[in-house]
Amino acid sequence: MSSSPAESPAKSSIKKSDSDIPIGIEDDWESPNDIGPVVAHAFGLGPVRPILEDKLGMTQIIQSGDKFFMWDEMNNDIYEFACQDVGEIYRALHHRELQKLDKWLLKEITPLIH
């Protein structure tokens, strides 16, 4: 999968005063009924924290517990990274090299309407 470069960590880590969600991703995560929480729940993830998004807004790096995941928004698929180093994941996203990182597709537990 080809991804656009990520925003810089400084920009993507800017927080709104009333939220822990990076600016630019908040529309997907503001309420429990938004697409982010709905998709995360469908794949059996607990509380999720969005970390990074590519510039096209088609791939998000999210965290649930102590694990990092990639949400492919085009297909509503979530992959768990074998690598749990957020710096390495950021570099791969930034350099369009996510396909080089080992990851596996999570099984959808609750069906989504695609």
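Any chance region 84-96 includes a residue that's over 20 Å from Thr110 (Cα atoms), in a strand (DSSP E or B) and not aliphatic (A, V, I, L, M)?
The initial filter retains those residues of region 84-96 that are over 20 Å from Thr110 (Cα atoms), namely 84-96.
If we keep only those that are in a strand (DSSP E or B) as well, we get none.
No, there is no match, as no residue in region 84-96 is over 20 Å from Thr110 (Cα atoms), in a strand (DSSP E or B) and not aliphatic (A, V, I, L, M).
Filtering region 70-114 down to residues that are among the hydroxyl-bearing types (Ser, Thr, Tyr) and surrounded by 12 or more Cβ atoms within 10 Å (Cβ to Cβ), which residue is modelled with the highest pLDDT? I'd like the intermediate steps shown before the answer.
If we filter region 70-114 for residues that are among the hydroxyl-bearing types (Ser, Thr, Tyr), which is where we start, we get 79, 90, 110.
From what's left, surrounded by 12 or more Cβ atoms within 10 Å (Cβ to Cβ): 79, 90.
Working: Tyr79: 97, Tyr90: 92.
It comes out as Tyr79.
Each row is one residue, and each column tells you yes or no for (1) of a type in the set (A, V, I, L, M, F, W, C); (2) in contact with a Phe, Trp or Tyr (Cβ under 9 Å, 6 or more places away or on another chain); (3) on the phi > 0 side of the Ramachandran plot.
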{"site": "Gly46", "(1), (2), (3)": "no, no, no"}
{"site": "Asp54", "(1), (2), (3)": "no, no, no"}
{"site": "Glu73", "(1), (2), (3)": "no, no, no"}
{"site": "Tyr79", "(1), (2), (3)": "no, yes, no"}
{"site": "Leu105", "(1), (2), (3)": "yes, yes, no"}
Total residues in region 40-79, condition of a type in the set (A, V, I, L, M), outside any strand (DSSP E or B) and in contact with a Ser or Thr (Cβ under 8 Å, 6 or more places away or on another chain): 5
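Among the residues of region 52-61, is any over 22 Å from Pro32 (Cα atoms), touching a residue at least 40 places away in the same chain (Cβ under 8 Å) and surrounded by fewer than 16 Cβ atoms within 10 Å (Cβ to Cβ)?
From region 52-61, those over 22 Å from Pro32 (Cα atoms) are 54-56; that's our starting set.
Now restrict to residues that are touching a residue at least 40 places away in the same chain (Cβ under 8 Å): 54-56.
Add one more test, that the residue is surrounded by fewer than 16 Cβ atoms within 10 Å (Cβ to Cβ), and what stays is 55-56.
Yes; the residues of region 52-61 include at least one that is over 22 Å from Pro32 (Cα atoms), touching a residue at least 40 places away in the same chain (Cβ under 8 Å) and surrounded by fewer than 16 Cβ atoms within 10 Å (Cβ to Cβ).
The values are calculated or read from the model by the stated rules, or taken from the named source; none is laboratory data. Since the structure is predicted, the reported quantities are computational estimates derived from the model, not experimental observations. Counting neighbours? That spans all protein chains shown, and the Cβs are built from the backbone with ideal geometry, glycine included.
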